[in-house]
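The values are calculated or read from the model by the stated rules, or taken from the named source; none is laboratory data. Keep in mind it's a predicted model, so treat the numbers as computed, not measured. As a convention, Cβ positions derive from the backbone with ideal geometry for all residues, glycine included, and neighbour counts pool all protein chains shown. Quick note on the areas: whole protein, heavy atoms, side chains included, nothing else; ligands and nucleic acids left out. Shrake-Rupley method; radii C 1.70, N 1.55, O 1.52, S 1.80 Å.
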Amino acid sequence: MARVSQAHLDARRRQILDGAAVCFARNGFHATSMHDVLKEVDLSAGAVYRYFRGKDELIAAIVSETLGQVRTAFEEAAELDPPPAPDVLVASVLGRTLGSRESLTVDGEPAFPRLVVQVWTETLRNDELAVVLREGYCSVRAAWGRIVEAYQEAGMMRKDVPPDHVARTMIAAAVGFITQQSLFGPAPVEVLRDGLRALMSMPQPQPEA
């Protein structure tokens, strides 16, 4: 029997994850069956179960992969001296995250924002998924904290605000932008970039005499 290459295995795993993501975004986690996933990816049960034992493993893998990519991008930015400004950095990372999944659609619109909302909903019922999401969130938050510290050391940002406060705010802005896309339709990342840039341009209030 011919040996299957790693590239083939990776491509098959990618096919299954992408198909599952579309199913979850379209119908929700609980309304999606493994049969739906098999039909979406056009593979046999044996081919899919070779990689994932069920829906829980699929959604956990999707979440871990996405947050891992985001964390890596911010960790790389933290090593730059100085890192890109917040408006540029957030737009760049979010643009890459959305762009890498732009081929996944539901009814002609991007599936990823809808999938994100489905994941949040499922974490309220699924303790194991909640742990995966929490660990991923904490790693992204820590990376953002290091970026803020680099801003402060470079004189780009005031030092009287704790880095973690800024990290939480930047994550909230990105998450909120994705949520808006899920509810109200696609919007280019330049919308978020320009909004952050405008907020960053506001002068600091002067203390009263």
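A few points about this structure:
- Couplings 3J(HN,Hα) of segment 21-26, computed from phi: 4, 5, 4, 5, 5, 6 Hz, in residue order, whole Hz [Karplus 6.51 cos²θ - 1.76 cosθ + 1.60, θ = phi - 60°; x for Gly and Pro].
- For segment 58-111: accessible area per residue (Å², 1.4 Å): 46
- Carbon and sulfur %, accessible surface of segment 19-103 computed with the full protein complex present, 1.4 Å: 51
- S33 versus D81: modelled label distance in nm, points set 7 Å from Cα along the beta carbon direction: 6.0
- Averaging the sequence gap over all C-alpha pairs within less than 8 Å and six or more residues apart, then dividing by the number of residues, gives the chain a relative contact order of 24 percent.
- Volume per residue of the convex hull around the Cα atoms, evaluated for segment 120-209, comes out as 143 Å³.
- Counted charge near Q6, where neighbours are those whose Cβ lies closer than 15 Å (Asp, Glu -1; Lys, Arg +1): +4
- Across all directions, the shadow cast by the convex hull of segment 57-151 built on its C-alpha atoms averages 6.5 square nanometres.
- Label-point separation, V88 to M156 (7 Å along Cα→Cβ), nm: 0.7
- Values of log10 I(q)/I(0) for the chain across q = 0.11, 0.14, 0.15 Å⁻¹ run -0.60, -0.90, -1.00, by the Debye formula with one identical scatterer at each alpha carbon and no solvent.
- At R0 = 45 Å, FRET efficiency that the Cβ-Cβ distance of A198 and A11 yields, to 0.05: 0.60
- Inter-label distance, nm, simple model (7 Å from Cα along the C-beta direction), V191/C138: 3.4
- Amide H to amide H, with H built 1.01 Å from N, T105 comes under 5 Å of A111, counting only residues 5 or more places away or on other chains.
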